[in-house]
Amino acid sequence: MVEELVAAGVTLVSAGAVYVMAAARVVKQYERGVVFRLGKLRSEVRGPGFTMIVPGVDKLRKVNMQIVTMPVPGQEGITRDNVTVRVDAVVYFKVTSPAEAVVRVEDYRFAVAQMAQTSLRSIIGKSELDDLLSNREKLNQGLELMIDSPAVEWGVTIDRVEIKDVSLPETMKRSMARQAEADRERRARVINADAELQASKKLAEAAKEMSEQPAALQLRLLQTVVAVAAEKNSTLVLPFPVELLRFLERAQQGGAAPAPQQPVQQPVEQSLQEQRASLESRPDPGPAGANSGQD
């Protein structure tokens, strides 16, 4: 009798141990448990720790509640300004309702991945190239809204969406490089012209002040000489004021006396008188001389 009781007790203990081992479940801190009893969802969501289910009747499915980082494969598309680009992105999401994530969608990870790819292509087609390169914050917000709208029904919340890389064709890269170079050159010319304008205004003011004080020009000349001499040059170029040359020229013209005019008429009259005297001294040939010449 005793042996039968002991055997029955051992059997009960063994059955209880087997039942406990079959019914015991452990849910981790970052997980939640969804129980299906005979295929029907139980409203109670099992929290982290030790929990029990009915073996053969209940089925426990664990759902990860951590933030999931999912890279979106590169998607090629044509922007609104007809430029072919390839865009990569990354999506951060987490499950907020374990029951809906299990019941409403077969595989919420795959569903979010497909939605992210289609939304990324849609964003590429609606945006221009400049927006993809410089206005990414706005595009990230729009992409997050596009993915989050259907994901809310699946018990999933999109935490953040980031565009990682925008790949451009080589021809477009060269064109953009030329455009940037031309823009920098234009800004350099504008800055140079503005500097010249400011310098000309200051020089005009300085010239006005020096015109009122002539000694200032001499002081400026001496400063220039000192600056040139400090460079240890073997040749010193000294500028000579033009006003000083003009002063010396006027002084020379005023100090020189006018030269006396030589009488020119007297030698001319003497030459005329000599020619008259030579003509009168010649013998006059008479008629006889003319006849003899005829004979």
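Residue check: is R32 in a strand (DSSP E or B), without any contact (Cβ under 8 Å) to a residue 40 or more places away in the chain and not β-branched (V, I, T)? Here the answer is no, as R32 does not meet what is asked. With respect to E128, is the statement that it is acidic (D, E), over 18 Å from V72 (Cα atoms), surrounded by fewer than 16 Cβ atoms within 10 Å (Cβ to Cβ) and in contact with a Lys or Arg (Cβ under 9 Å, 6 or more places away or on another chain) true? Yes.
Criterion applied to E44, E4 was being surrounded by fewer than 12 Cβ atoms within 10 Å (Cβ to Cβ), free of Cβ contacts under 8 Å to residues at least 24 places away in the same chain, within 30 Å of K94 (Cβ to Cβ) and not small (G, A, S), and the one residue passing it is E44. Tell me which residues, restricted to segment 47-83, are surrounded by 14 or more Cβ atoms within 10 Å (Cβ to Cβ) and among the polar types (S, T, N, Q). Scanning segment 47-83 gives T51, N64, Q75, T79.
With respect to being more than 30 Å from A177 (Cα to Cα), in contact with a Gly (Cβ under 8 Å, 6 or more places away or on another chain) and not in a loop (DSSP other than H, G, I, E, B), R61 fits the description. Scanning segment 67-96 for residues that are outside any strand (DSSP E or B) and either among the basic types (K, R) or at pLDDT 90 or above (or both) returns I67, R80, T96. Residues in segment 93-104 include none that are surrounded by 14 or more Cβ atoms within 10 Å (Cβ to Cβ), in the same structural domain as P150 (by TED's automatic domain parsing) and within 30 Å of T171 (Cα to Cα). Answer yes if at least one residue in segment 14-37 is out of contact with any Ser or Thr (no Cβ under 7 Å at 6 or more places or on another chain), closer than 30 Å to E153 by Cβ and of a type in the set (G, A, S), and no otherwise. Within segment 14-37, none of the residues are out of contact with any Ser or Thr (no Cβ under 7 Å at 6 or more places or on another chain), closer than 30 Å to E153 by Cβ and of a type in the set (G, A, S). Of the residues making up segment 108-146, those that are of a type in the set (K, R) and closer than 14 Å to V87 by Cβ are R121, K126, R136.
The values are calculated or read from the model by the stated rules, or taken from the named source; none is laboratory data. These numbers come from a predicted model, not from an experiment. Cβ coordinates were reconstructed from backbone atoms using ideal geometry, including for glycine residues, and neighbour counts include every protein chain displayed.
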